[in-house]
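Structure, as structure tokens:
The values are calculated or read from the model by the stated rules, or taken from the named source; none is laboratory data. Predicted model only: the values in this text are computed from it and were never measured. Here the Cβ positions follow ideal geometry from the backbone for every residue, glycine too, while neighbour counts run over all protein chains shown. All accessible areas refer to the heavy atoms of the entire protein, side chains included, with ligands and DNA or RNA removed. Shrake-Rupley method; radii C 1.70, N 1.55, O 1.52, S 1.80 Å.
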Amino acid sequence: IYNSTFVENNGDGIYVYGGGAILNIGSTISVENTGYNVYVLGTGVSDGYNLIGDAVMLFSVASDQLGVTLTALDLGPLQDNGGLTNTLMPNIGSLAIDNGEPSDLSGAQNGEIIDGIRDAGAAENYSCPVILSSYFASSCG
């Protein structure tokens, strides 16, 4: 599961059950689900840059952020932000902005990567102004 968002689901965010099951997860958000945010009965492999609501994920790596709150994520409503599916776009100041896998420049569900760094989750924030000059580069990430 890569570049996906599981938030406020009535049930589990990510639930993998089976002795031989393998879950690979990267640049994914799973927070504030009524069941498990991430549950794996099998093998879990983190490729990093995940934002997870649980304080513990047994297979986490250094670039994963655990204990993430919905407030810190500051996601917009589920709506058409461009692309084929409705998404929860990170608002300005969201922890998700520029916290995805740095080498992954594939398009988000709602379009291309804005400032050369992928946002965690399914949607890229398009409301951040980017100012570029030979002296200065900034965004709201």
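Quick notes
- HN-Hα J in Hz across segment 49-54 - Karplus 6.51, -1.76, 1.60, θ = phi - 60°, x for Gly and Pro: 6, 8, 10, 10, x, 6
- Its residues counted as N, segment 41-93 yields a C-alpha radius of gyration over 2.2 N^0.38 Å of 1.38.
- Vicinal HN-Hα couplings computed from phi for segment 114-127 (Karplus, 6.51 cos²θ - 1.76 cosθ + 1.60; Hz; Gly/Pro x): 6, 10, x, 10, 5, 7, 5, x, 7, 10, 9, 6, 10, 9
- The H on the amide N of Val16, modeled in the peptide plane, is under 5 Å from the matching H of Tyr39, Val40, Leu41, each at least 5 residues off or on a different chain.
- Rolling a 1.4 Å probe over the heavy atoms of the protein chains gives the chain an accessible area of 51 Å² per residue.
- Taking amide H atoms as placed 1.01 Å from N in the peptide plane, the amide H of Leu23 lies under 5 Å from those of Thr43, Gly44, Val45, each 5 or more residues away in sequence or on another chain.
- Placing a label point 7 Å from the Cα of Thr69 along the Cα-to-Cβ direction, the residues of segment 1-17 whose backbone N falls under 19 Å of that point are 7-9.
- A helix-only calculation puts the chain at -500 deg cm²/dmol for mean residue ellipticity at 222 nm, using -39500 (n - 2.57) for each DSSP H run of at least four residues, averaged over all residues.
- Per-residue SASA entry for Tyr36, accessible area with 1.4 Å probe, Å² rounded to 10: 110
- For the chain, the Kirkwood estimate of the hydrodynamic radius, built from every pair of different alpha carbons, is 15.3 Å.
- Net charge of neighbours whose Cβ lies under 9 Å from the Cβ of Leu70, counting Lys and Arg as +1 and Asp and Glu as -1: -3
- Among Ser27, Ser127, Ser94, residue whose mean-square fluctuation peaks in a GNM of the chain (springs only between Cα atoms under 10 Å): Ser127
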